[in-house]
Amino acid sequence: MGRRYYCNYCDKTFPNNSQNRRNHTRGIQHTMLKRLYYTKFKDPMLLLQEEQTKRFCNKFAQQGYCEFGDNCKYSHYTNEDLINIIQRAQEDYIRKQNTLENNINRDFDVNRWVEDKLNGINSYVQTQQQLSMSQLHMPPSLRP
Ligand SMILES: [Zn+2]
Ligand SMILES: [Zn+2]
């Protein structure tokens with residue numbers, strides 16, 4: 001009768017254990033719904049402000065998944081995700097400036113941050129290239 005885990009993104013519950021959570025958070029449906037959630041509903045600037053305090057999750061980079069899932073204190077965004085979010089943040093930022101509805105944090109210099117983040121992404125890409133691309137997103141049991 002253990003506690004059940006509820007996934008906000010998928011609106012689903014399942015018995016809460018690490019195996020289930022891991023299977024769920026690396027599932028295709030979950031990944032798509034989560035991405036949809038962030039790309040559609042979340043203010044990209046807020047998201048970037050959150051992400052700027054996080055380092056990329058080593059576990060996620062090495063294994064292609066991380067059992068902490070959404071609760072991980074490190075970032076699980078791929079460079080592709082981040083580039084999309086950054087683009088949306090920049091578009092949002094420009095739009096907000098143009099319409100003078102600028103209620104985001106003015107101390108946050110998005111261009112500066114983007115530069116820093118892209119530097120970080122570049123070193124992450126180098127790490128990725130050192131790992132075999134074919135192994136990167138496979139669970140260990142499926143690796144050759
Ligand atoms: Zn889910
Ligand atoms: Zn993680």
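Each reported figure results from applying straightforward, stated rules to the coordinates on display, with no laboratory input. These numbers were taken from a predicted model, which means no experiment stands behind them. With ideal geometry, Cβ positions are generated from the backbone for all residues, glycine too; neighbour counts draw on all protein chains shown.
A straight chain from R4 to N79 at 0.36 nm per residue would run longer than the Cα-Cα distance by 23.8 nm. For K12, nonlocal amide neighbours, meaning residues 5 or more places apart or on other chains whose placed amide H falls under 5 Å from its own, are C7.
A DSSP coil position with no more than 11 other Cβ atoms inside 10 Å describes the following chymotrypsin sites (Phe, Trp or Tyr not before Pro) in segment 7-74: F41. Maximal additional length on extending the K12-D43 stretch stands at 8.8 nm, based on 0.36 nm per residue less the C-alpha distance. The per residue volume of the convex hull around the alpha-carbon atoms of segment 27-98 is 84 Å³.
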